[in-house]
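Undergrad: Pasting a structure below so you can have a look.
The values are calculated or read from the model by the stated rules, or taken from the named source; none is laboratory data. Note that this is a predicted model, so its numbers are computed, not measured. So basically every Cβ, Gly included, is an ideal-geometry build from the backbone, and we count neighbours across all protein chains shown. The area values use the complete protein model at the heavy-atom level, side chains included, leaving out ligands, DNA and RNA. Shrake-Rupley method; radii C 1.70, N 1.55, O 1.52, S 1.80 Å.
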Amino acid sequence: MNRTASMPMVALRGMTILPEMVVNFDISREKSIQAIQEAMAHDQKIFLLTQKEVTAEDPKMEDLYKVGTIATIKQVAKLPKQIVRVLVTGETRAVINALEFDSPYMCANVTVIEDEIPYYTDEHTYEAMARNLKELFEEYAMRNQRISKDVVKQVKTTEDLKALVNKVAANLPIHYKELQDIQEAEDFEKRYDMLSMKMANEAQIMDIKEEIQKKVKARLEQNQREYVLREEMKFIREELGEDTTLTVADEFAQKAKELEATEEVKEKLHKEINRFKNAMQSPAESGVLRTYIETMLEMPWEKRVEDFTDIEYAKQILEADHYGLKEVKERVLDYLAVRAMTNKGNTPILCLVGPPGTGKTSIGKSLAKALKKPYIRISLGGIHDEAEIRGHRKTYVGAMPGRIANAIRQAGVKNPLLLLDEIDKVSTDHKGDTFSALLEVLDGEQNSKFRDHYLEVPLDLSEVTFVMTANSLQTIPGPLRDRMEILEISGYTENEKVHIATEYLIPKQIEKHGLQKNQLSISKKVVWKLAKNYTKEAGVRQLEREIGAICRKATREIYEGNKKKVQVTDRNLEKYAGKEKYSIHMANTEDEVGIVRGLAWTSVGGDTLEIEVGVMPGKGELVLTGQMGDVMKESARTGISYIRSISKAYDVPEKFFEEHDIHIHIPEGAVPKDGPSAGITMATAMFSAITERKVRADIAMTGEITLRGRVLPIGGLKEKLLAAKNAGIKTVLIPKENKRDIEDFSEEIINDLEILPVSHMNEVLKEAIR
């Protein structure tokens with residue numbers, strides 16, 4: 001039988017109160033507090049109705065559920081911050097008919113719902129329903145520790161079926177929306193079914209959860225909390241038959257699918273990803289596999305940058321960045337022309353050989369700029385482990401790819417420009433031969449299948465443009481030299497140094513030191529003097545440092561306000577650069593006996609050597625001083641043997657060589673000297689001293705001598721001719737076979753020099769001896 005009444009109402013947020021429930025809740029809305037006060041002033045009855053959305057601050061009729069609970073207020077307590085705590089007991093369900101008014105409090109017109117238990121013909125049905133509900137609740141309570149034993153005892157002692165349903169529903173710790181569904185059930189039988197089904201489902205879910213936890217626990221390693229969480233998630237997904245979370249392994253698999261690579265690479269990746277999935281229980285192994293997979297995915301297997309074949313642009317870049325170096329520039333432009341005509345062609349493997357400071361490393365950067373390719377520099381100086389090139393096998397702790405593979409990954413494309421700097425400084429030890437590892441890298445026929453130990457799959461290096469730099473070819477093995485196209489970069493002439501300093505170094509240093517172009521001027525005479533008397537090098541590195549020193553002093557003068565502009569001339573150069581550091585040994589003014597000017601090549605350019613020979617009474621010994629190397633000593637012995645063989649023709653007494661000692665000395669004794677190119681110079685000096693005939697002071701010579709007096713070719717001719725010219729030498733004797741080298745030299749070098757090719761010592765003595 002239904003009853004209708006009007007009473008104060010409180011809209012509940014995030015909770016549902018059922019009959020038989022004893023519960024307290026906090027309220028802070030003024031309307032709710034006024035409704036409680038109104039109820040307390042009369043019969044303490046309040047209608048509690050749940051609102052649909054928790055966020056609704058001022059709920060209307062459409063924001064509320066239809067069925068709520070009429071409750072009796074047992075206690076009201078005021079808390080800080082205008083919060084009121086209310087203790088109520090749920091009594092009966094009621095449906096809201098209308099919201100009569102909502103100010104100053106909400107008043108609702110409600111109809112009480114009388115739960116009528118259906119009539120069953122079989123009297124045992126009621127007992128069965130009650131017993132079933134009690135057993136389900138007791139079984140649920142055993143699995144859920146939040147239900148106290150006192151509540152279970154109260155339920156078990158309740159005989160009335162209606163009260164039993166209300167009590168069980170009131171003590172189920174489930175979400176308020178699920179409680180609201182039970183609250184709004186149309187009749188008693190439906191409420192009973194929903195309650196029974198809910199408890200049965202919850203018990204089954206807890207059984208499944210317990211089973212999952214048992215499976216997870218069986219796989220646990222001690223103290224691996226992260227693993228526990230991962231496995232729980234894994235088994236929950238397995239039991240529910242769904243997997244919506246994209247795991248790391250799935251992410252790897254997706255990236256591998258999208259990767260541009262060969263089938264061999266993809267197959268290897270797929271295999272390693274499967275191993276990674278099964279290695280969750282081993283953090284060490286999974287860490288190794290994860291690093292390997294990430295490295296493989298970062299490699300640009302088939303990603304390339306388009307070849308740029310604009311020759312005019314390349315020419316402009318090369319000319320703008322470097323002065324001279326004609327041969328290198330020509331080779332690059334030839335390569336571009338072939339690429340433009342054929343859309344293919346072997347990628348060059350160039351080796352730039354020359355003294356320090358001649359711009360070898362910076363050429364590589366300019367080439368990459370001209371070709372519009374990513375530029376990566378790999379310094380090979382001091383590398384002595386083969387694994388630096390080929391990588392470590394991934395099973396080792398801290399394993400990583402080799403420097404070549406790592407550079408390709410860093411470049412992001414398979415066809416960058418790699419500069420292998422200081423390749424002549426590579427060494428070898430018990431860990432392997434590094435040069436041998438480079439053989440495969442630099443072989444255009446093999447490097448398309450280069451195998452890095454870490455990657456374990458072939459890496460295509462055939463499209464990489466390799467540029468090597470070296471100061472000398474002597475330490476590079478023959479097989480490796482054979483694989484490279486060698487371009488020699490000789491030292492700069494004084495004129496070239498002046499051009500480089502004026503066009504590149506001075507503007508660079510002025511900008512670096514915060515000066516304006518009009519604040520510092522350095523005359524050409526100063527640059528000439530810096531190159532001649534302040535530096536002794538084939539390149540321009542020291543020259544740049546000297547210019548930097550001048551800029552520093554000029555900057556200080558301007559900053560301190562002493563000057564607004566600084567002009568450096570040859571008159572005030574000492575003030576800014578200090579005293580001269582080097583002096584050139586100029587040609588002697590007078591012809592002398594036993595003194596001949598030779599020409600030598602050094603790592604910092606050419607130099608002249610004044611070879612002195614003295615003859616004294618003795619026992620026929622040959623004394624050699626001046627830190628000569630073995631090859632140079634052998635040249636001296638060869639020279640004396642030749643002189644003895646021709647001595648009769650020049651009226652030298654037969655017993656001269658038995659009764660006299662010959663002493664050969666090369667000044668600057670602290671400096672080691674070696675090589676065969678001083679052979680004809682020492683032979684001429686000995687001939688002069690033995691025959692007491694003078695040698696021309698304005699002549700210099702270079703060439704290797706044989707026992708029969710033949711003159712053999714030598715190297716470093718350009719640097720030697722420059723040294724002769726700087727020393728004021730007028731005539732230079734060179735081997736006849738070196739005559740073809742002169743054709744490649746600029747006019748600046750050979751101007752004002754009389755260069756005489758000779759093939760035999762007879763010609764040398766004819767030109768040199770007075």
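Undergrad: Here's a check for you: in the range 667-700, which residue that is at pLDDT 90 or above and β-branched (V, I, T) is farthest from R637 (Cα to Cα)?
TA: I699
Undergrad: Can you work out which of the residues in the range 122-164 that are touching a residue at least 60 places away in the same chain (Cβ under 8 Å) and open to solvent by 70 Å² or more (accessible area, probe 1.4 Å) is farthest from T92 (Cα to Cα)?
TA: Once the filter is applied, the top-ranked residue is R143.
Undergrad: To continue, here is another question. Taking the stated definitions as given, is T309 in contact (Cβ under 8 Å) with a residue 12 or more places away in the chain and touching a Pro at 6+ places or on another chain (Cβ under 8 Å)?
TA: no
Undergrad: Could I ask something else about it? For the range 520-529, give me the residue count where each residue is closer than 14 Å to E580 by Cα, open to solvent by 20 Å² or more (accessible area, probe 1.4 Å) and free of Cβ contacts under 8 Å to residues at least 40 places away in the same chain.
TA: Qualifying residue count, the range 520-529: 1.
Undergrad: Only one of K532, K517 is in contact (Cβ under 8 Å) with a residue 12 or more places away in the chain and more than 30 Å from L269 (Cα to Cα). Can you tell me which?
TA: K532
Undergrad: Of the residues E590, E612, which single one is in a strand (DSSP E or B), open to solvent by 10 Å² or more (accessible area, probe 1.4 Å) and more than 20 Å from G716 (Cα to Cα)?
TA: E612
Undergrad: Scan the range 534-570 for residues that are open to solvent by 30 Å² or more (accessible area, probe 1.4 Å), part of a helix (DSSP H, G or I) and closer than 18 Å to E719 by Cβ and jot them down.
TA: Answer for the range 534-570, where residues must be open to solvent by 30 Å² or more (accessible area, probe 1.4 Å), part of a helix (DSSP H, G or I) and closer than 18 Å to E719 by Cβ: R541, Q542.
Undergrad: Please verify whether E422 is open to solvent by 50 Å² or more (accessible area, probe 1.4 Å), farther than 27 Å from G287 by Cα and touching a strand residue (DSSP E or B) at 6+ places or on another chain (Cβ under 8 Å), treating the condition exactly as stated.
TA: Spelling it out, E422 is indeed open to solvent by 50 Å² or more (accessible area, probe 1.4 Å), farther than 27 Å from G287 by Cα and touching a strand residue (DSSP E or B) at 6+ places or on another chain (Cβ under 8 Å).
Undergrad: State all residues of the range 550-568 that are touching a residue at least 12 places away in the same chain (Cβ under 8 Å), more than 17 Å from Y504 (Cβ to Cβ) and not polar (S, T, N, Q); if no residue qualifies, say none.
TA: Those that are touching a residue at least 12 places away in the same chain (Cβ under 8 Å), more than 17 Å from Y504 (Cβ to Cβ) and not polar (S, T, N, Q): R552, K553, A554, I558, K564, K565, V566, V568.
Undergrad: Go through the range 62-103 and count every residue that is within 21 Å of F25 (Cα to Cα), open to solvent by 60 Å² or more (accessible area, probe 1.4 Å) and not in a strand (DSSP E or B).
TA: Count: 4.
Undergrad: Any residue in the range 660-676 that is open to solvent by 50 Å² or more (accessible area, probe 1.4 Å), among the small types (G, A, S) and within 55 Å of the chain's Cα centre (by Cα)?
TA: yes
Undergrad: Checking E422 against (1) acidic (D, E); (2) under 30 Å from E719 (Cα atoms); (3) at pLDDT below 85, which test does it fail?
TA: (3)
Undergrad: Right, another one. Quick one: in the range 182-197, which of the residues that are out of contact with any helix residue (DSSP H, G or I) (no Cβ under 7 Å at 6 or more places or on another chain) and open to solvent by 20 Å² or more (accessible area, probe 1.4 Å) is nearest to Y140 (Cα to Cα)?
TA: M197
Undergrad: May I pose another question? Which of the residues spanning the range 466-505 are part of a helix (DSSP H, G or I), over 15 Å from D424 (Cα atoms) and open to solvent by less than 20 Å² (accessible area, probe 1.4 Å)?
TA: K497, V498, I500, A501, L505
Undergrad: Return the pair list, or none, for Cβ contacts closer than 6 Å from residues in the range 312-323 that are of a type in the set (V, I, T) to residues that are open to solvent by 70 Å² or more (accessible area, probe 1.4 Å), at least 6 apart or on different chains.
TA: Going by the 6 Å Cβ cut-off, the qualifying pairs are I317/K369.
Undergrad: I want to confirm something. Restricting to the range 642-659 and keeping residues that are surrounded by fewer than 14 Cβ atoms within 10 Å (Cβ to Cβ) and of a type in the set (G, A, S), which single residue is nearest to R693 (Cα to Cα)?
TA: Among them, the one singled out is A649.
Undergrad: Any idea which of E62, E53 is free of Cβ contacts under 8 Å to residues at least 60 places away in the same chain, within 21 Å of V112 (Cα to Cα) and out of contact with any Phe, Trp or Tyr (no Cβ under 8 Å at 6 or more places or on another chain)?
TA: E62
Undergrad: Of the conditions (1) modelled with pLDDT of 85 or more; (2) open to solvent by 50 Å² or more (accessible area, probe 1.4 Å); (3) in a helix (DSSP H, G or I), I293 clears all except one; give me its number.
TA: Only one criterion in (1) modelled with pLDDT of 85 or more; (2) open to solvent by 50 Å² or more (accessible area, probe 1.4 Å); (3) in a helix (DSSP H, G or I) is unmet by I293, namely (2).
Undergrad: Hey, another quick one. Hey, can you tell me all the residues within the range 619-653 that are on the phi < 0 side of the Ramachandran plot and part of a loop (DSSP other than H, G, I, E, B)?
TA: Across the range 619-653, the qualifying residues are K619, E621, G629, V652, P653.
Undergrad: Is the range 393-401 home to any residue that is in a helix (DSSP H, G or I) and open to solvent by 10 Å² or more (accessible area, probe 1.4 Å)?
TA: Looking through the range 393-401, none of the residues is in a helix (DSSP H, G or I) and open to solvent by 10 Å² or more (accessible area, probe 1.4 Å).
Undergrad: Criterion first (closer than 28 Å to L161 by Cα, assigned to a loop (DSSP other than H, G, I, E, B), touching a residue at least 40 places away in the same chain (Cβ under 8 Å) and not charged (D, E, K, R)) does P19 satisfy it?
TA: yes
Undergrad: Could you please find all residues in the range 715-732 being within 54 Å of the chain's Cα centre (by Cα) and free of Cβ contacts under 8 Å to residues at least 60 places away in the same chain?
TA: L717, K725
Undergrad: May I pose another question? Kindly indicate whether any position in the range 752-760 is open to solvent by 10 Å² or more (accessible area, probe 1.4 Å), modelled with pLDDT of 90 or more, polar (S, T, N, Q) and more than 17 Å from E592 (Cα to Cα).
TA: Yes: one or more hits.
Undergrad: Tell me, please, whether a residue that is within 25 Å of G359 (Cα to Cα), of a type in the set (K, R) and in contact (Cβ under 8 Å) with a residue 24 or more places away in the chain can be found in the range 419-427.
TA: yes
Undergrad: For D443, indicate whether it is touching a residue at least 12 places away in the same chain (Cβ under 8 Å), outside any helix (DSSP H, G or I) and of a type in the set (D, E, K, R).
TA: Criteria met by D443.
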